[in-house]
Amino acid sequence: MKTTEFNIAIAGVGGQGVTLLARILGNAAIKEGLSVRIGEVYGASQRGGSVVSHIRFGENAFSPIIPNGRADVLLGLEVSEAARRIRALKPNGLVILNVYKIDPVEVKTGLSEYPSISRLVNAFKLITDQIITVNATDIATDLGDVRLSNIVLLGVLAGLSVLPISIKTLRQSIWGNVPLAMRNLNMKAFKIGFNLRNP
Amino acid sequence: MYNLYEDSPGKKTLMMGNIAVARGAIEAGVQVVTGYPGTPATETLEALSKVAGKAGIYVEVSTNEKVAVEIASAAAISNLRALVIMKQVGLNVASDIANVINLSGCNGGLVIYIADDVGPLVSQNEQDTRIYSRLMHLPCLEPSTPQEAKDMIKYAFEISENYKIPVILRSTLRLSHMSSSVTLGKINISRNKPNFVKDINRYLVLDFIARSEHEALHKKINKIKADAEKNPFNILKIKGEKNLGIITSGLCYLYVEETLKHCGLQDQVSVLKLSFSYPLPTGLILKFLQNVKYVLIVEEVEPVLENEIKAISFDNNKKVMVSKVFGRNSGHLPWAGEINLIHIAKALSKISNTELHLTPDIYQKYGEIEKLAPPRYLSFCAGCPHLATFYAMRKALMQQGYKENEWVVAGDIGCYGIAPFSAVKMMDTSFCMGSSIGLACGFKLALKDTPVIAVIGDSTFYHSGISGIVNAMWNTKGIVIVVMDNKTTAMTGHQPNPGVSIRIDGSESKPIDIADVIKGLGIKFIEIVDPYNVKKTKDIIIKALKYVSERSEPAVIITRRECAILSLREKRKSGQRITPFFVDEDKCIGCRICTQFYGCLALGWDKNIKKAFIDPKSCMGCSVCSQICPSKAIIKKEESN
């Protein structure tokens, strides 16, 4: 039976590859004939701003924006950005969190405080018990490119068997949407993420 | 993955609204494309420029939106199919020509694609293009999905050519940037042949001609109503007990459908989606109003449909069943900002006097998590020359003894607009493109001895800065004008401007030097400086402040340094390494001048050892922080070889 509605909110900082993940998921959905809507605002990516992509699968998803409290999954490439976008997540929804922080300029200049990562993760528990933390940036750095952290997280998500798309199509979509020279490395990053929950 | 120009009708692809418009234009056989970059319309112009050669289309970034419409108008008068691309405020600039070309009309189709930033999320205002379409009496189409956006372009060209009238295709940000599945159509390879038939009774729009053309325009619009009635993109759904109905247009249709679905009302609430929002299909609307008692009108940004539909039902009150029209005027929808599902659910709740829950009632818990996230506004990229310029500017003003409230910096639109939110905190005003100069002149006039600096980018200078500078010279105002020349239109994604040699379609051109233009205006003080040299920049600004104070004439400083991102890309391409700087912990005294008063993205503060540090992966090697450091603690890393 085709999924009628499945929503993923992806939060991160400009440059972390939030919109690439959305494109990969969106292209995979179309390949499998699954209706998809992606809601984004382009512009903050370059300048280290806050970025969020809404990916909505299924024929019951009309609007490009996930209504508050209806995201099945919140993928956080950066901890404070996941907190900033928590309103999208449904009660007891799934949070997959890269335990990595990028200080905004407001914190660097002393105007604001960045709470400890553990404090933020604990706060998520107000809404949900399903929190999976991943050292995606460390894994990516070990692989040789910090920008792979988004694909690592995608692998973790895929490994949980909640996505309404097949792993095969997803892998093909990654292959087709990353630069030629980076293909193998991306597939490696995906595999490591996938195996984290499926050893 | 797909190629925008591929000939695969029937193929399903993931496409953003703006790209779908570009594809639609290609399928419609567009021949001339003009426009100006502006979020949320930019992608359409860029996408078409990439396939211009292959598709045999002329694509340019025009100096500004007025010129863009003028060029497209002449092309369309000469029988070619032309498309203009802009964001909502671009129409303000183009309105002068748009409100006269409507009178003469065109021969080849002329479609103006305007993407309204609703919110606004990234603009200086939110305005409703559909009101302009009524001022100008230009047909206006509103797609609701990327698929419709693509299909409506072809339809728009047909209407335009049938009635010889420019047509507006109106989108909103969330539609322009939304991606969904789009089925490609066939590409029309036939092209209109250029031909200009002289007709001064048409194209010489003087008063007596305007009078008769204005009357003719209204007759045209009346005829187009018939097309509005049978527009294939309108949707009418009468449901349930015929109690409550919603009339909507554009992206709001998706919000309406989603809300009704989640509230379980899709079988009880009737829906009318209008795709032709000017002229309105009165017959279709009346049919709807004859089948509902109460109507809620959901649209963005202004109550355009709402006001007209009220008038329609008033004029036909004997024929319709509807007794009340709800919307913004009735207080059911907000007057500013985007519409969302909660607004619609609350409005339906209020109207039907029932409880409707869209989201779980745990708002407070969400709020407790959200507030932990520190603010993250847009920031200057590491190595941005603008940040360096503003730092030097502040230093210059302070060195001359001025305090914060004793100077005025009139800013403009571009990346430098981030300055007030950065560590350097400069810039007091920002209005519309090019306004920095005019405002600076006005401040100087009003405040006399207060130092006034206008800050404008290179693209903005060409767009609409020159007129202001002519005024500053000819109507003599002693303002300092700083043209921040980073050789690109960066904010919208690095499109070219007349100061660079490669156009958007890849062809070469002779760049127009800003210094030459200013020299031509007779301005005597023109200095070009590299903002990466902080002391030199500061000294030149001081020199300029003294000059304008003595002479009461404008002084121009051009801070010229390529955008850091472009520089980074070039270096990556050529394999050139960036030598990052680093903080010598032994020399750093922890004064925090670098992080608190400069605040480059690459700089950080280590709380534990109380010293500054530089992220070598982010550092662009611009050297500015090393010049700022009072203890000379920031040094360049030795080249590792």
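The values are calculated or read from the model by the stated rules, or taken from the named source; none is laboratory data. Since the structure is predicted, the reported quantities are computational estimates derived from the model, not experimental observations. Note that each Cβ is placed from the backbone with ideal geometry, even for glycine, and that neighbours are counted across all protein chains shown.
Values computed for the structure shown
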{"item": "Conditions (1) more than 8 Å from chain B (Cβ to nearest Cβ); (2) crowded, with 22+ Cβ neighbours inside 10 Å; (3) outside any strand (DSSP E or B); (4) not β-branched (Val, Ile, Thr): number failed by A:Leu34", "result": "(2)"}
{"item": "Per-region count, segment A:114-147, residues in contact with a helix residue (DSSP H, G or I) (Cβ under 7 Å, 6 or more places away or on another chain) and free of Cβ contacts under 8 Å to residues at least 12 places away in the same chain", "result": "2"}
{"item": "Verdict on A:Ile8 being touching a residue at least 40 places away in the same chain (Cβ under 8 Å), within 19 Å of A:Arg84 (Cα to Cα), outside any helix (DSSP H, G or I) and at the interface with chain B (Cβ under 10 Å from one of its Cβ atoms)", "result": "no"}
{"item": "Single match in B:Ser313, B:Ser349 (criterion: assigned to a helix (DSSP H, G or I) and in contact with an Asp or Glu (Cβ under 8 Å, 6 or more places away or on another chain))", "result": "B:Ser349"}
{"item": "Segment A:51-71 residues that are at the interface with another protein chain (Cβ under 7 Å from one of its Cβ atoms), paired with ones that are hydroxyl-bearing (Ser, Thr, Tyr) and in a loop (DSSP other than H, G, I, E, B) (beta carbon under 7 Å, 6 or more apart)", "result": "A:Asn60/A:Thr4; A:Pro67/B:Thr359; A:Asn68/B:Thr359; A:Gly69/B:Thr359"}
{"item": "Residue list for segment B:605-640, filter: basic (Lys, Arg) and within 14 Å of chain A (Cβ to nearest Cβ)", "result": "B:Lys607, B:Lys610, B:Lys611, B:Lys617"}
{"item": "Residue among B:Gly331, B:Gly367, B:Gly383 that alone is surrounded by 19 or more Cβ atoms within 10 Å (Cβ to Cβ) and more than 21 Å from B:His262 (Cβ to Cβ)", "result": "B:Gly383"}
{"item": "Any hit, segment B:106-117, residues being in contact with an Asp or Glu (Cβ under 7 Å, 6 or more places away or on another chain), within 14 Å of chain A (Cβ to nearest Cβ) and assigned to a loop (DSSP other than H, G, I, E, B)", "result": "yes"}
{"item": "Long-range neighbours under 6 Å by Cβ, at least six apart or interchain, first residue under 13 Å from A:Gly176 (Cα atoms) within segment A:26-38, second at pLDDT 95 or above and of a type in the set (Gly, Ala, Ser)", "result": "A:Gly26/B:Ser179; A:Asn27/A:Ser173; A:Ala28/A:Ser173"}
{"item": "Residue ID - surrounded by the fewest Cβ atoms within 10 Å (Cβ to Cβ), chosen from residues in segment B:125-180 that are within 14 Å of chain A (Cβ to nearest Cβ), in a helix (DSSP H, G or I) and of a type outside the set (D, E, K, R)", "result": "B:Gln147"}
{"item": "Total residues in segment B:602-637, condition within 17 Å of B:Arg561 (Cβ to Cβ), out of contact with any strand residue (DSSP E or B) (no Cβ under 8 Å at 6 or more places or on another chain) and in a loop (DSSP other than H, G, I, E, B)", "result": "2"}
{"item": "Checking B:Val556 against (1) in contact (Cβ under 8 Å) with a residue 60 or more places away in the chain; (2) in a loop (DSSP other than H, G, I, E, B); (3) farther than 28 Å from A:Gly110 by Cβ; (4) touching a helix residue (DSSP H, G or I) at 6+ places or on another chain (Cβ under 9 Å), the condition it does not meet", "result": "(2)"}
{"item": "Among the candidates A:Leu94, A:Leu74, residue that is under 19 Å from the mean Cα position of the chain (by Cα), more than 10 Å from chain B (Cβ to nearest Cβ), in a strand (DSSP E or B) and farther than 21 Å from A:Ser35 by Cα", "result": "A:Leu94"}
{"item": "Failed item in (1) more than 14 Å from chain A (Cβ to nearest Cβ); (2) in a helix (DSSP H, G or I); (3) in contact with a strand residue (DSSP E or B) (Cβ under 6 Å, 6 or more places away or on another chain); (4) of a type outside the set (A, V, I, L, M, F, W, C), with B:Asp412 passing the rest", "result": "(2)"}
{"item": "Residue list for segment B:212-234, restricted to those being among the hydrophobic types (A, V, I, L, M, F, W, C) and more than 20 Å from B:Ile168 (Cα to Cα)", "result": "none"}
{"item": "Subset of segment B:57-106 [charged (D, E, K, R) and either surrounded by 24 or more Cβ atoms within 10 Å (Cβ to Cβ) or over 26 Å from B:Val500 (Cβ atoms) (or both)]", "result": "B:Glu65, B:Arg81, B:Lys87, B:Asp96"}
{"item": "Residue among B:Glu570, B:Glu562, B:Glu550 that alone is free of Cβ contacts under 8 Å to residues at least 24 places away in the same chain and within 20 Å of B:Thr489 (Cβ to Cβ)", "result": "B:Glu570"}
{"item": "Matching residues in segment B:593-606 - criterion: being under 13 Å from B:Ile634 (Cβ atoms) and free of Cβ contacts under 8 Å to residues at least 24 places away in the same chain", "result": "B:Leu603, B:Gly604"}
{"item": "Matching entry among B:Arg561, B:Arg551, B:Arg577, B:Arg569 (being over 22 Å from B:Arg376 (Cα atoms), at pLDDT 90 or above and touching an Asp or Glu at 6+ places or on another chain (Cβ under 9 Å))", "result": "B:Arg561"}
{"item": "Failed item in (1) farther than 18 Å from B:Ser626 by Cα; (2) within 29 Å of the chain's Cα centre (by Cα); (3) part of a loop (DSSP other than H, G, I, E, B); (4) in contact (Cβ under 8 Å) with a residue 40 or more places away in the chain, with B:Pro511 passing the rest", "result": "(4)"}
{"item": "Residue among B:Lys12, B:Lys54, B:Lys50 that alone is surrounded by fewer than 19 Cβ atoms within 10 Å (Cβ to Cβ), within 23 Å of the chain's Cα centre (by Cα) and on the phi < 0 side of the Ramachandran plot", "result": "B:Lys50"}
{"item": "Residue satisfying all of: in segment B:451-495; among the hydroxyl-bearing types (Ser, Thr, Tyr) and in contact with a strand residue (DSSP E or B) (Cβ under 6 Å, 6 or more places away or on another chain); farthest from B:Ile558 (Cα to Cα) among these", "result": "B:Thr489"}
{"item": "Yes/no for A:Gly58 being surrounded by fewer than 23 Cβ atoms within 10 Å (Cβ to Cβ), under 24 Å from B:Cys600 (Cα atoms) and not hydroxyl-bearing (Ser, Thr, Tyr)", "result": "no"}
{"item": "The one condition in (1) buried (at least 23 other Cβ atoms within 10 Å of the Cβ); (2) more than 10 Å from chain B (Cβ to nearest Cβ); (3) part of a loop (DSSP other than H, G, I, E, B); (4) out of contact with any Lys or Arg (no Cβ under 8 Å at 6 or more places or on another chain) that A:Leu21 fails to fulfil", "result": "(3)"}
{"item": "Matching option when the condition is farther than 18 Å from A:Gly155 by Cβ and within 11 Å of the chain's Cα centre (by Cα), among A:Val52, A:Val105", "result": "A:Val52"}
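Yes/no per residue for (1) among the small types (Gly, Ala, Ser); (2) part of a helix (DSSP H, G or I):
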| site | (1), (2) |
| --- | --- |
| B:Thr389 | no, yes |
| B:Ala392 | yes, yes |
| B:Gly417 | yes, yes |
| B:Lys425 | no, no |
| B:Gly438 | yes, yes |
| B:Cys441 | no, yes |
| B:Ala446 | yes, yes |
| B:Ile456 | no, no |
| B:Val483 | no, no |
